[in-house]
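The values are calculated or read from the model by the stated rules, or taken from the named source; none is laboratory data. Computed from a predicted model, the values in this text were never measured in an experiment. Cβ atoms come from the backbone with ideal geometry, glycine included; neighbour counts cover every protein chain shown.
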Amino acid sequence: MPSHVAVIADIVGSRTLTDRAGAQRAIIASSRQVHADHPVSVSPLAATVGDEFQAVYPDLPAALASLLLLQLHLPEGIQLRFGLGVGAVDRVDDGITDGPGWWAARAAIEHAHRLQDRAVPHARTRIATEQGQDAVMTERIAYANAYVLARDELVSAMSGRTRRLTYGRCLGRTQRELAEAEGITQPAVSQALSAAGSAALVAGFTDLSTDPS
């Protein structure tokens, strides 16, 4: 079966949340909005058990682009950690899937936990691949992991407003449109985006969303 990207997500600091059920509802609402604005997933992010969520994407660029939008769209005070597994995703029964992609995703999210707990507290995303992938794919995964470390650092430093502005810019909305939505001036939008390094995120999103053919 062709490779997909399986995603396992969990809530960062879920035990400290005063309203975990409300947080889960907010995450699903954000996932649905992202899917409506940028419908690239095979199976959009959905709750599974406990504080975990799962999704399936057709390829790594689609997964990385969509998950960036999700990080930007989540409400203030709620963050997700992601493990992405590149590999086969096999359908077992009605809506149930299994396979090497999921095993790689589990290994990836565990790695993200370790990074966050040790040297990289703002790490939120890690990518792994099923065993037996060729050297080219392994190299691509290494490059992608380096990219998401820097990306997570930028997003983690943003205010809720700046994340909303960056989300809008990723979707092609003008600074004037964003200013009107936020009730601020266009120069204030420009200043906020510049100070947060949003241009790099938007350019990266464009690269991920552009068909190489």
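Of the residues making up the range 181-213, those that are more than 24 Å from residue 64 (Cα to Cα) and surrounded by 14 or more Cβ atoms within 10 Å (Cβ to Cβ) are 182, 184, 186, 188, 189, 190.
All told, residue 109 falls short of being touching a residue at least 12 places away in the same chain (Cβ under 8 Å) and not in a helix (DSSP H, G or I). Among residues of the range 127-143 being among the small types (Gly, Ala, Ser) and under 15 Å from residue 101 (Cβ atoms), the one that is modelled with the highest pLDDT is 128. Residue 86 meets the stated requirement of being buried (at least 20 other Cβ atoms within 10 Å of the Cβ), in a strand (DSSP E or B) and either of a type in the set (Val, Ile, Thr) or not assigned by TED's automatic domain parsing to the domain that holds residue 19 (or both). Residues in the range 156-192 that are more than 18 Å from residue 76 (Cβ to Cβ) and assigned to a helix (DSSP H, G or I): 13 in all.
Restricting the range 58-83 to residues that are within 12 Å of the chain's Cα centre (by Cα) and farther than 22 Å from residue 169 by Cβ leaves a set whose member that is surrounded by the most Cβ atoms within 10 Å (Cβ to Cβ) is 83.
Here residue 97 meets each of (1) modelled with pLDDT under 90; (2) within 12 Å of the chain's Cα centre (by Cα) with one exception, condition (2). Return a yes/no flag: does the range 1-12 have any residue that is modelled with pLDDT of 90 or more and in a loop (DSSP other than H, G, I, E, B). Yes - at least one qualifying residue is present in the range 1-12.
From the list 75, 61, the one residue that fits, being modelled with pLDDT of 90 or more, assigned to a loop (DSSP other than H, G, I, E, B) and of a type outside the set (D, E, K, R), is 75.
Kindly check whether there is at least one residue in the range 134-144 that is charged (D, E, K, R), outside any helix (DSSP H, G or I) and assigned by TED's automatic domain parsing to the domain that holds residue 62. Yes, the range 134-144 has at least one match.
Given the criteria β-branched (Val, Ile, Thr), closer than 21 Å to residue 56 by Cβ and either in a loop (DSSP other than H, G, I, E, B) or modelled with pLDDT of 95 or more (or both), does residue 148 qualify? Taking the combined requirement at face value, the residue satisfies it.
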